[in-house]
1. What's the total number of residues in region 1-24 that are assigned to a loop (DSSP other than H, G, I, E, B) and surrounded by fewer than 24 Cβ atoms within 10 Å (Cβ to Cβ)?
2. Here are the criteria: (1) in contact with a strand residue (DSSP E or B) (Cβ under 7 Å, 6 or more places away or on another chain); (2) at negative phi. Tell me which single one Arg333 does not satisfy.
3. Here are some residues: Arg125, Arg66. Which one is out of contact with any helix residue (DSSP H, G or I) (no Cβ under 8 Å at 6 or more places or on another chain) and either surrounded by fewer than 22 Cβ atoms within 10 Å (Cβ to Cβ) or closer than 21 Å to Phe152 by Cα (or both)?
4. If Leu154 satisfies every condition in (1) under 25 Å from Asn94 (Cα atoms); (2) in a helix (DSSP H, G or I); (3) touching a Ser or Thr at 6+ places or on another chain (Cβ under 8 Å); (4) among the hydrophobic types (A, V, I, L, M, F, W, C) but one, which is the exception?
5. Outside any loop (DSSP other than H, G, I, E, B), in contact (Cβ under 8 Å) with a residue 40 or more places away in the chain and either closer than 18 Å to Cys309 by Cα or of a type outside the set (Lys, Arg) (or both), is that true of Glu27?
6. Across region 30-73, what is the total count of residues that are among the aliphatic types (A, V, I, L, M) and assigned to a loop (DSSP other than H, G, I, E, B)?
7. Looking only at region 311-334, decide whether some residue is hydrophobic (A, V, I, L, M, F, W, C), in contact with a Lys or Arg (Cβ under 8 Å, 6 or more places away or on another chain) and in contact (Cβ under 8 Å) with a residue 12 or more places away in the chain.
8. Take the residues in region 270-280 that are touching a Lys or Arg at 6+ places or on another chain (Cβ under 9 Å) and of a type outside the set (Asp, Glu), then tell me which one is surrounded by the fewest Cβ atoms within 10 Å (Cβ to Cβ).
Amino acid sequence: MNVEFGYRCASEEHPAQVLLRNAQTAEKLGFDFIVTSDHFHPWFHTDGHSTFALSWLGALGQVTSRVWFGTGVTPPILRYHPALVAQAFATLSNLYPARVFLGVGTGEAMNEVPLGFEWPSYTERLERLKEAIFVIRSLWSNDFVSFQGKYFTLKGANLYDKPQKPPLIYVAGVGTNSTLLASQIGDGYMTVPAKPDIYKRNFEILKNGCEKRGVEFESFPKMVEVFVGYDEDYDKALNHLRRWKTVLIPNVLNREIYDPRVLEELSKSVDDSELLNTQAKVCTTIEDLVKVVEEYVRYGFNKIQLHSCSPNEQKFLFDFGTKCLPFLKEEFRA
């Protein structure tokens, strides 16, 4: 297995200039790739931020030279017409050849409803995503595309600067239907913290899909967000992580909750134990960080995306980059 290790620049947590500085540090310390979230509203109100991902990625390419990068994830279903996503990532790919990927998903109400859209059912969002991927790939490959789908229309649309090499499209999901879509048409799979039985089920779906497509399952990109809070002081790290209880509000992705202040209020009912058993790990030592990463590699993931929500992010980057990455690369590089 050849495992790559990336760093998540969470646009909810830091302003754009700090995210760039963290990304530069991550590259210097040996991380392989950078992922950024693509939000209009953040997951929490207090100390929240909301950098525009597509602008930020252009800047990221300029201040780095080696890491590959992309979104985790862009929802090309409502606020983004898929043709504009195709244009944006074609441009990024031509500016930074072989360094760009596109992560796509079914989205969250907090990023779509504030712009005046009704929040569709999950079934509709999945249908929109499937159609959007078709539109994006059509524009990357063909001239003057006309298309009449259930949700999107193109009338002689042409990208005059197509990507010389189309970016890989990672399809994100936790449930069976999103995972099935990734197995059928994705160039890679992206997911978030979940229980081991969820990963086992989804890997079976991916494996079956890869076999039907004639794609090697072992090398198929399988990315996971590994969520940690790092500090020698356990309580200090846990307190920093608590803002992310919002992602554990029951059925949060299907509910029309779009105000981060409401998300914060609802998250007060989420217990610390649920956060630590489902979403994130508190790490107080280097050994803790290594064990968390090793656990996800054992599940079968070959792209490990470190999402640190730590009191001192530069300290996390330096400690992980200098003390964990060399060991992990030696252990998990073919």
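The values are calculated or read from the model by the stated rules, or taken from the named source; none is laboratory data. Bear in mind that the values here come from a model prediction, so they are computed numbers and not experimental data. Here the Cβ is made from the backbone with ideal geometry for all residues, glycine too, and neighbour counts use every protein chain on show.
1. Quick first cut of region 1-24, residues assigned to a loop (DSSP other than H, G, I, E, B) only: 1-3, 10-15.
Pick out the ones that are also surrounded by fewer than 24 Cβ atoms within 10 Å (Cβ to Cβ) and you get 1-3, 11-12, 14-15.
Residues meeting the conditions: 7.
2. Arg333 satisfies every listed condition except (1).
3. Arg125
4. Only one criterion is unmet by Leu154, namely (2).
5. Numbers: outside any loop (DSSP other than H, G, I, E, B): yes; in contact (Cβ under 8 Å) with a residue 40 or more places away in the chain: yes; either closer than 18 Å to Cys309 by Cα or of a type outside the set (Lys, Arg) (or both): yes.
Against the criterion (outside any loop (DSSP other than H, G, I, E, B), in contact (Cβ under 8 Å) with a residue 40 or more places away in the chain and either closer than 18 Å to Cys309 by Cα or of a type outside the set (Lys, Arg) (or both)), Glu27 qualifies.
6. Taking region 30-73 as the starting set, the residues that turn out to be among the aliphatic types (A, V, I, L, M) are 34-35, 53-54, 57, 59-60, 63, 67, 73.
Remaining after also requiring assigned to a loop (DSSP other than H, G, I, E, B): 67, 73.
So the count comes out to 2.
7. Of all residues in region 311-334, those hydrophobic (A, V, I, L, M, F, W, C) come to 316-318, 320, 324-325, 327-328, 332, 334.
From what is left, the residues that are in contact with a Lys or Arg (Cβ under 8 Å, 6 or more places away or on another chain) are none.
Looking through region 311-334, none of the residues is hydrophobic (A, V, I, L, M, F, W, C), in contact with a Lys or Arg (Cβ under 8 Å, 6 or more places away or on another chain) and in contact (Cβ under 8 Å) with a residue 12 or more places away in the chain.
8. To start, the set of residues in region 270-280 that are touching a Lys or Arg at 6+ places or on another chain (Cβ under 9 Å) comprises 270-272, 274-275, 277-279.
Keeping just the survivors that are of a type outside the set (Asp, Glu) gives 270, 275, 277-279.
Values: Val270: 19, Leu275: 22, Asn277: 12, Thr278: 15, Gln279: 18.
That would be Asn277.
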